[in-house]
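Following: one structure in structure tokens, then a few remarks.
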Amino acid sequence: MKTDPISFAASSPMRAAYSPLTHSFSSFKIGTPNLDAAIAANNSNFYTYELLQSIAEWLKKRVDIRPTVGIICGSGLGSLADTLTERNTFPYEVIPHFPKSTVHGHEGQLVFGKLKGVPVVCMQGRFHYYEGYPLWKCSMPIRVMKLIGVNQLIVTNAAGGLHSDYQPGDIMIMKDHVNLMGFAGNNPLQGVNEERFGPRFIAMNRAYDKELRDHAKKISKDLGIESFVREGVYAVLGGPNFETIAELRLLKTCGVDAVGMSTVHEVLTAHHAGMRIFAFSLISNKCVTDYDDDYEVNHAEVIDTGKMREPILKELVTRMVLKMSELENESASANNIDSASLMFDY
Ligand SMILES: O=P(O)(O)O[C@H]1O[C@H](CO)[C@@H](O)[C@H]1O
């Protein structure tokens, strides 16, 4: 009989709970009010490897498609998933242990399907820290994807354009990020490190894959959209309020080009797990950095910009997925040749 991770957890007498607030570990007996309180307070990394595996198995039992490419749809960008054929959709509420999506413009479902014949899995709706979830919970679907077989990830978001040249509707390929929440000691990789996903300490300089960024620029040229495709640095804030003028001015002097409230926790989790990452922001609004400017950013505008750019983003993502699948096939055949020559040599 297979061990259900919950009963497994319940049968193990002690468990360590990490508190990002106090930066300390405490031992709790499973099933005791202490542990329940710690979990309720979101201070304990509750998704064990075994639990995540059981979620991946639950999905694999219900879907035949085996994607190696994952896509996360940002605010107003959920329609990217509508392009998939042979779709199999799982609302987050039916997937065991998944959080629920609470933000307008995030449908809250996992969609398996094919993009021009390439198997993909798409998060139609993501989780944000401001929804009340700790970052390790917001990014747990990335680990589930990894256990399903995903090793390349496309992350999309809507973001405010801080760079003076950026206009709403521009697409910013992410070349780097500033993790402001990380500066404050909040990181999805906090707590006991799960070596089966990746090492304790990870370098970040190659997180946003250069080859994929170059392909995206080439595809933008082929599509004739290069005049509004940029490359820049994204900064994440916790939200849910948009930024103050003083905050934005500060970020601008730090070299930030766009600001948002997501993506970085997913990129950290995916990079930790060795995934290849391509990320972009749709610039949905201008950031106000002038005290005489009365314009107020709002979420409806963010969603509308997504709708406005829907056709071109679908095309960009489809072509990137085809390219990623091509790169994967190339590296698979290179590996086969390598192992064949090894067999020959020895
Ligand atoms: O980053 P995504 O999920 O695209 O959403 C962006 O849009 C919302 C604000 O309008 C925030 O959640 C911000 O992060």
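Summary of values
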{"read-out": "Out of 226, 247, sole residue that is without any contact (Cβ under 8 Å) to a residue 60 or more places away in the chain and touching a Lys or Arg at 6+ places or on another chain (Cβ under 9 Å)", "value": "226"}
{"read-out": "Residue within the range 50-64 that is more than 16 Å from the ligand (Cβ to nearest atom) and assigned to a strand (DSSP E or B) present", "value": "no"}
{"read-out": "Residue ID - surrounded by the fewest Cβ atoms within 10 Å (Cβ to Cβ), chosen from residues in the range 273-287 that are over 30 Å from residue 193 (Cα atoms) and polar (S, T, N, Q)", "value": "285"}
{"read-out": "When residues of the range 65-74 are limited to those that are in a loop (DSSP other than H, G, I, E, B) and within 16 Å of the ligand (Cβ to nearest atom), the one modelled with the highest pLDDT", "value": "73"}
{"read-out": "The range 146-172: number of residues that are over 27 Å from residue 305 (Cβ atoms) and either touching a Gly at 6+ places or on another chain (Cβ under 6 Å) or outside any loop (DSSP other than H, G, I, E, B) (or both)", "value": "4"}
{"read-out": "Residue within the range 115-132 that is open to solvent by 50 Å² or more (accessible area, probe 1.4 Å), under 26 Å from residue 189 (Cα atoms) and not in a loop (DSSP other than H, G, I, E, B) present", "value": "yes"}
{"read-out": "All positions within the range 224-254 that are within 28 Å of residue 134 (Cβ to Cβ) and more than 23 Å from the chain's Cα centre (by Cα)", "value": "244, 246, 247, 248, 250, 254"}
{"read-out": "Some residue of the range 133-142 being touching a strand residue (DSSP E or B) at 6+ places or on another chain (Cβ under 9 Å) and either crowded, with 24+ Cβ neighbours inside 10 Å or not acidic (Asp, Glu) (or both)", "value": "yes"}
{"read-out": "Residue count for the range 100-114, restricted to those that are touching an Asp or Glu at 6+ places or on another chain (Cβ under 8 Å) and in a loop (DSSP other than H, G, I, E, B)", "value": "5"}
{"read-out": "Of all residues making up the range 75-92, the number that are away from the ligand (no atom under 16 Å from the Cβ) and at pLDDT below 95", "value": "2"}
{"read-out": "So residue 97, is it open to solvent by 50 Å² or more (accessible area, probe 1.4 Å), at positive phi and not in a strand (DSSP E or B)", "value": "yes"}
{"read-out": "Check on residue 318, part of a loop (DSSP other than H, G, I, E, B) and surrounded by fewer than 20 Cβ atoms within 10 Å (Cβ to Cβ)", "value": "no"}
{"read-out": "Residues of the range 274-299 satisfying the condition of being over 15 Å from the mean Cα position of the chain (by Cα) and among the aromatic types (Phe, Trp, Tyr)", "value": "291, 295"}
{"read-out": "Residue identified as over 30 Å from residue 249 (Cβ atoms) and within 16 Å of the ligand (Cβ to nearest atom) among 199, 141, 119", "value": "141"}
{"read-out": "Filter result for residue 200 (surrounded by fewer than 18 Cβ atoms within 10 Å (Cβ to Cβ) and either in contact with a strand residue (DSSP E or B) (Cβ under 9 Å, 6 or more places away or on another chain) or touching a residue at least 12 places away in the same chain (Cβ under 8 Å) (or both))", "value": "no"}
{"read-out": "Single match in 187, 179, 205 (criterion: more than 29 Å from residue 66 (Cα to Cα), open to solvent by 60 Å² or more (accessible area, probe 1.4 Å) and at pLDDT 95 or above)", "value": "205"}
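Results for (1) open to solvent by 30 Å² or more (accessible area, probe 1.4 Å); (2) within 16 Å of the ligand (Cβ to nearest atom); (3) free of Cβ contacts under 8 Å to residues at least 24 places away in the same chain, shown as yes or no for each residue.
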{"site": "230", "(1), (2), (3)": "yes, no, no"}
{"site": "243", "(1), (2), (3)": "yes, yes, no"}
{"site": "254", "(1), (2), (3)": "yes, no, no"}
{"site": "258", "(1), (2), (3)": "no, yes, no"}
{"site": "262", "(1), (2), (3)": "no, yes, no"}
{"site": "271", "(1), (2), (3)": "yes, no, no"}
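The values are calculated or read from the model by the stated rules, or taken from the named source; none is laboratory data. Owing to the predicted nature of the structure, the values given are computational and were not obtained by experimental measurement. Every residue, glycine as well, gets a Cβ built from its backbone with ideal geometry; the counts of neighbours run over all protein chains shown. Ligands, DNA and RNA are stripped out before the accessible areas are found, and what is left, the full protein with its side chains, is counted by its heavy atoms. Shrake-Rupley method; radii C 1.70, N 1.55, O 1.52, S 1.80 Å.
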